[in-house]
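Undergrad: Quick one: the structure is below, questions incoming.
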Amino acid sequence: MADTSLPPNPPVDAVKYGERAIEENALITFPNPRPGRQYDVNITLPEFTCKCPFSGYPDFATIYITYTPNEKVVELKAIKLYINGYRDRYISHEESVNQIMDDFLAVADPLTFKIKGDFQPRGNVHMTVEIEYEKNT
C-alpha cells in the first residue's frame, strides 16, 4: 500500500519557496515580438497589498496597467512577483503607484504607460491614484 500522507511541514522559521521568489523578484523583459506595431497591453492586478506607513494597517488595491511596448515587453510572472513584493512594505498609496511606474519605465521603456491604483475604502474614504506617461520621440 502506497504512503499517501503529506510531507512534514517545514520548520516555522524556514523561508518558503514563494517568499523566496517574491524576495528575489525583478521585472524581467523580453523582446517585443512586433516592434514597430503600436498595440496596448492591459494588465489587471487585483490582489495588490501594502501597509500604511502611519498605522501599519494593510491596504488593498487593484492595480491597472496599460502600456504600449517599444522594444521590450514585461514578463507577466515577473510582474506578479514584483507586485507581491509590496505586501510587507510600509508605503503610501501615492508612492506605491509612482514607484511601480518608475520601475516599469526603467526596465521596459514603453512608448506609453498608464497606471491606476484603485484602493479599497478604509474609514469611509475611497481613493484612486492615476498617472499617464508618453515617451518623447
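The values are calculated or read from the model by the stated rules, or taken from the named source; none is laboratory data. Model, not experiment: these values are computed from the prediction. As a convention, Cβ positions derive from the backbone with ideal geometry for all residues, glycine included, and neighbour counts pool all protein chains shown.
Undergrad: What is the residue count in the stretch 39-54 for residues that are part of a loop (DSSP other than H, G, I, E, B) and surrounded by 11 or more Cβ atoms within 10 Å (Cβ to Cβ)?
TA: Of the residues in the stretch 39-54, 3 are part of a loop (DSSP other than H, G, I, E, B) and surrounded by 11 or more Cβ atoms within 10 Å (Cβ to Cβ).
Undergrad: Moving on to the next point. Just need a number here: residues in the stretch 73-114 that are under 23 Å from Arg37 (Cβ atoms) and charged (D, E, K, R).
TA: The total comes to 3.
Undergrad: Still on this structure: Could you please give the count of residues in the stretch 79-137 that are touching a residue at least 40 places away in the same chain (Cβ under 8 Å), aromatic (Phe, Trp, Tyr) and part of a strand (DSSP E or B)?
TA: Of the residues in the stretch 79-137, 3 are touching a residue at least 40 places away in the same chain (Cβ under 8 Å), aromatic (Phe, Trp, Tyr) and part of a strand (DSSP E or B).
Undergrad: What are the residues in the stretch 15-33 that are in a loop (DSSP other than H, G, I, E, B) and farther than 19 Å from Leu105 by Cα, if any? Spell out how you get there, then give the answer.
TA: Going through the stretch 15-33, the residues in a loop (DSSP other than H, G, I, E, B) turn out to be 15-16, 24-28, 32-33.
Across the stretch 15-33, the qualifying residues are Val15, Lys16, Glu24.
Undergrad: Could you check the stretch 69-78 and list, in sequence order, the residues that are surrounded by fewer than 16 Cβ atoms within 10 Å (Cβ to Cβ) and outside any loop (DSSP other than H, G, I, E, B)?
TA: Those that are surrounded by fewer than 16 Cβ atoms within 10 Å (Cβ to Cβ) and outside any loop (DSSP other than H, G, I, E, B): Leu76, Lys77.
Undergrad: Same structure again: Kindly indicate which of Leu27, Leu45 is closer than 13 Å to Tyr82 by Cβ and modelled with pLDDT of 95 or more.
TA: Leu45
Undergrad: Can you tell me which condition Thr4 does not meet? The list is (1) buried (at least 16 other Cβ atoms within 10 Å of the Cβ); (2) modelled with pLDDT under 95; (3) polar (S, T, N, Q), and all the others hold.
TA: That leaves (1) as the condition not met.
Table: residues versus (1) under 11 Å from the mean Cα position of the chain (by Cα); (2) crowded, with 16+ Cβ neighbours inside 10 Å; (3) of a type in the set (Val, Ile, Thr).
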position: Arg37; (1), (2), (3): no, no, no
position: Asp59; (1), (2), (3): no, yes, no
position: Tyr67; (1), (2), (3): no, yes, no
position: Asn84; (1), (2), (3): yes, yes, no
position: Asn98; (1), (2), (3): no, yes, no
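Undergrad: Here is a further query. Restricting to the stretch 100-126, name every residue that is of a type in the set (S, T, N, Q) and exposed (fewer than 15 other Cβ atoms within 10 Å of the Cβ).
TA: At the first step, the residues of the stretch 100-126 found to be of a type in the set (S, T, N, Q) are 112, 120, 124.
Passing the criteria: Gln120, Asn124.
Undergrad: Another one. Looking at Ala26, Ala21 in this structure, which one is among the small types (Gly, Ala, Ser), in contact with a helix residue (DSSP H, G or I) (Cβ under 7 Å, 6 or more places away or on another chain) and farther than 26 Å from Tyr133 by Cβ?
TA: Ala21
Undergrad: Going through Gly56, Gly36 one at a time, which residue ends up being under 17 Å from Ile91 (Cα atoms) and either modelled with pLDDT under 95 or small (Gly, Ala, Ser) (or both)?
TA: Criteria check complete, one pass: Gly56.
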